[in-house]
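Worksheet for the structure shown next.
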Amino acid sequence: MNIEKISESGKLTLKLEGRIDTKSAPELDELVKTSLDGVTSLIIDLKEVAYISSAGLRVLLIAQKQMNKQGGMKIINVSEDIMEIFEVTGFSDILTIE
């Protein structure tokens, strides 16, 4: 998985590429935990994500809970396959997806 991090005055965009699975999720988790100080808007771009496992879903849930306390989070550019995973798991009701 590759991560491109774009910060601009309270807004953080994470462009993810590849697979978010048990191998890559810890890296994403660490990046999210260390990057949210002072962030009021978190955008996660999944345009180039081919697969997300339960480990990846857990990272998104933790990020959502944190951002609920300090601003907002949205997920953009979700493919049909990833959207199906969000719908089956109920995450489409928890996350803000555009």
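Over 18 Å between C-alpha atoms is what I'm after, so list which of K11/K74; K15/K65; K33/K74; K15/K74; K47/K69; K23/K47 land there.
Check vs 18 Å cut-off fails for K15/K65; K47/K69; K23/K47.
Using 0.36 nm per residue, how much length does the chain from Q66 to I6 gain when fully extended, once their Cα-Cα distance is taken away?
19.7 nm
Please state the charge dipole magnitude for region 17-98, taken about the Cα centre, from unit charges on C-beta atoms (+1 on K and R, -1 on D and E), reported in debye and rounded to the nearest 20.
Numbers: 8 positive and 14 negative charges, 75 e Å.
Here the size comes out at about 360 debye.
Between D37 and K74, what FRET efficiency follows from the Cβ-Cβ distance if R0 is 30 Å, with the result rounded to 0.05?
0.95
Treat each spin label as a single point 7 Å out from the Cα along the C-beta direction, and report the D21 to A55 distance in nm.
Reported label-point gap for D21 and A55 is 0.9 nm.
Please report how far the C-alpha centroid of region 6-24 lies from that of region 28-72, rounded to the nearest whole angstrom.
Taking the Cα centre of each part, region 6-24 and region 28-72 sit 7 Å apart.
Beyond 15 Å, how much of the Cα-Cα pair distribution for region 1-45 remains, as a whole percent?
Here the tail beyond 15 Å accounts for 39 percent of pairs.
Just name one of I82, N68, L95: the one whose Cα is farthest towards the positive end of the charge dipole of the chain (beta-carbon charges, Lys/Arg +1, Asp/Glu -1).
The listed residue farthest towards the positive side: N68.
Is the shape of region 2-94 rounded, prolate or oblate, going by the alpha carbon gyration tensor and its root eigenvalues a ≥ b ≥ c, with a/c under 1.5 for rounded and a/b larger than b/c for prolate?
Here region 2-94 falls in the prolate category.
Mean separation of Cα pairs under 8 Å and 6+ residues apart, divided by the residue count of region 2-94: what relative contact order is that in percent? Intermediate results must be reported in sequence, preceding the final value.
Details: 135 pairs, mean separation 26.9, N = 93.
About 29 percent, as a whole number.
What residues qualify as long-range amide H neighbours of G72, i.e. H under 5 Å apart, gap of 5 or more or another chain, H built at 1.01 Å from N?
Those qualifying (amide H under 5 Å, at least 5 residues apart or on another chain) are S41, L42.
Bear in mind these aren't lab numbers, they're just calculated from the coordinates by the rules spelled out. Here the structure is a predicted model, which is why all the values come from computation and not from measurement. Methodologically, a virtual Cβ is constructed for each residue, glycine included, from the backbone with ideal geometry; neighbour enumeration extends over all protein chains shown.
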